[in-house]
Structures are given as C-alpha cells and as structure tokens.
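> The structure is given below, and queries will be raised subsequently.
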Amino acid sequence: MLSPRGRVREGLANRWFRRLGEGVFDVDDVIVRAAELAAFVVAARSRYALEGRELIAAGFSNGANIALATALLHPDVVSRVVAFSGMYPFGDREPIGDVSAVELLLLNGSADPMAPAASVDVLERAASSRGASVTRTTRPGGHGIDRSEVDAARDWIAARR
C-alpha cells in the first residue's frame with residue numbers, strides 16, 4: 001500500500017492542489033500535481049519492486065479528485081480509481097485523451113454541496129466519451145462516506161482481481 005499525501009497547505013490541512021475557492025480548483029495546479037503524483041507512483045513502483053502489481057488509487061474528496069485527474073491524464077500510470085465524493089477536476093477544460101484502459105468507481109451523495117451532482121455528471125460523460133469504464137453509485141446524503149459505499153468499493157475491487 002502506498003499512502004502519499006498532498007504537499008499543498010491550506011490552513012492546517014494538506015491538500016493535493018490549490019483551490020481558488022470552495023469547489024473551484026486551480027486547474028493548472030491540478031494538472032501539475034497530477035503529473036507529480038504520476039511521477040511518484042512510477043518511482044515508488046521501482047523503489048518498492050511493485051512493477052507488474054495491480055494499483056488501484058482510492059481517495060476521498062480532494063484525494064479522490066487528484067486520483068481522478070491522475071488517471072485521466074496519466075492512464076498508463078494509474079488506471080483504476082475508487083473515488084469517494086469526487087468530481088470533475090478540470091473546471092471548464094477538457095484535457096483528457098484516450099482513457100480506454102481506465103476504470104472508475106464514482107461514489108457520491110445525491111445532496112453533496114462539495115461535489116455537486118452536475119460536476120459528477122460532467123466527469124462521467126467526459127471519461128465515458130473518451131473510453132473509460134465508469135461505474136457510478138449515488139446514495140442519499142451529502143459529503144462523506146457511508147457503509148454502502150465501502151461495501152460497493154470492496155465488491156468493485158474484488159471483481160477486478
């Protein structure tokens with residue numbers, strides 16, 4: 001298990017990329033940080049002899065968004081993502097190429113003000129239209145993770161082993 005953390009400080013919290021406001025991402029920074037995370041994964045695979053081992057990125061909120069961005073921009077490095085309360089990380093841009101090897105599990109609350117359904121819709125459409133396999137589960141509620149999502153993630157991962 002690799003467990004990196006973001007290097008961007010926001011108050012007392014570490015984040016993966018800068019935000020311009022609540023739910024408004026610095027897209028240039030998202031793209032740069034996704035490249036940094038991809039480079040970290042490549043180096044970690046070599047350093048820890050993980051070449052050829054399956055890698056599934058999992059994250060919540062900001063962590064989900066960087067995992068999604070990394071998979072969509074660097075599908076040769078990260079191709080499977082479990083995203084809890086994630087959303088489309090590229091604002092009004094569409095920097096995604098062919099992601100036909102990418103598999104995404106999107107787990108969101110139907111009333112999540114931090115990851116609104118409209119942004120998750122954009123994510124699903126953008127990834128699917130470029131070839132990704134997208135499984136989306138929406139539960140009642142807001143920003144968080146509940147037991148049904150943990151169970152869905154476990155089942156989704158087990159089906160890919």
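The values are calculated or read from the model by the stated rules, or taken from the named source; none is laboratory data. For clarity, every value in this text was computed on a predicted model and none was experimentally measured. For neighbour counting, all protein chains shown are included, and Cβ atoms are generated from backbone atoms with ideal geometry for every residue, glycine included.
> Consider VAL27 against the criteria (1) in contact (Cβ under 8 Å) with a residue 40 or more places away in the chain; (2) closer than 24 Å to ALA152 by Cβ; (3) touching a Phe, Trp or Tyr at 6+ places or on another chain (Cβ under 8 Å): it satisfies all of them except one. Which criterion is unmet?
The number of the failed condition is (2).
> Within the range 85-126, which residues are at positive phi and buried (at least 20 other Cβ atoms within 10 Å of the Cβ)? Reasoning before the result, please.
Going through the range 85-126, the residues at positive phi turn out to be 85, 91.
Passing the criteria: only SER85.
> Still on this model: May I ask you to say which residue of PRO95, PRO140, PRO89, PRO75 is under 23 Å from ARG19 (Cα atoms) and at pLDDT 95 or above? Write out each step before concluding.
Details: PRO95 fails: at pLDDT 95 or above; PRO140 fails: under 23 Å from ARG19 (Cα atoms); PRO75 fails: under 23 Å from ARG19 (Cα atoms).
Just one listed residue meets the conditions, PRO89.
> Okay, next question. Please determine whether any residue of the range 129-147 is touching a residue at least 24 places away in the same chain (Cβ under 8 Å) and part of a helix (DSSP H, G or I).
No: zero hits.
> I would also like to ask the following. Exactly one of these conditions fails for GLU51: (1) over 17 Å from ILE31 (Cβ atoms); (2) within 10 Å of the chain's Cα centre (by Cα). Give me its number.
(2)
> Which ones in the range 80-114 are part of a loop (DSSP other than H, G, I, E, B), of a type in the set (Gly, Ala, Ser) and free of Cβ contacts under 8 Å to residues at least 60 places away in the same chain? Spell out how you get there, then give the answer.
Step one: of the range 80-114, the residues part of a loop (DSSP other than H, G, I, E, B) are 85-102, 110-114.
Keeping just the survivors that are of a type in the set (Gly, Ala, Ser) gives 85-86, 91, 97, 100-101, 110-111.
The answer is GLY86, GLY97, SER100, ALA101, SER110, ALA111.
> Could you tell me how many of the residues in the range 148-161 are within 20 Å of ASN62 (Cβ to Cβ) and in contact (Cβ under 8 Å) with a residue 24 or more places away in the chain?
Matching residues across the range 148-161 total 2.
> Please go through the range 8-25 and pick out each residue that is outside any strand (DSSP E or B), loosely packed, with under 12 Cβ neighbours inside 10 Å and charged (D, E, K, R). Lay out the reasoning, then the answer.
Let us first name the residues in the range 8-25 that are outside any strand (DSSP E or B), namely 11-12, 16-18, 22-23.
Then drop every residue that is not loosely packed, with under 12 Cβ neighbours inside 10 Å, which leaves 11-12, 22.
Matches in the range 8-25: GLU22 only.
> Hey, another quick one. Quick check: is even one residue across the range 18-30 at pLDDT below 95 and aromatic (Phe, Trp, Tyr)?
yes
> Same structure again: Under the condition of being within 9 Å of the chain's Cα centre (by Cα) and outside any helix (DSSP H, G or I), which residue from the range 60-79 is surrounded by the most Cβ atoms within 10 Å (Cβ to Cβ)? Explain how you work it out, then say what you get.
First, the residues of the range 60-79 that are within 9 Å of the chain's Cα centre (by Cα): 60-72.
Filter once more, so that each one left must be outside any helix (DSSP H, G or I): 60-61.
Values: PHE60: 18, SER61: 20.
Across the range 60-79, the extreme among qualifying residues is SER61.
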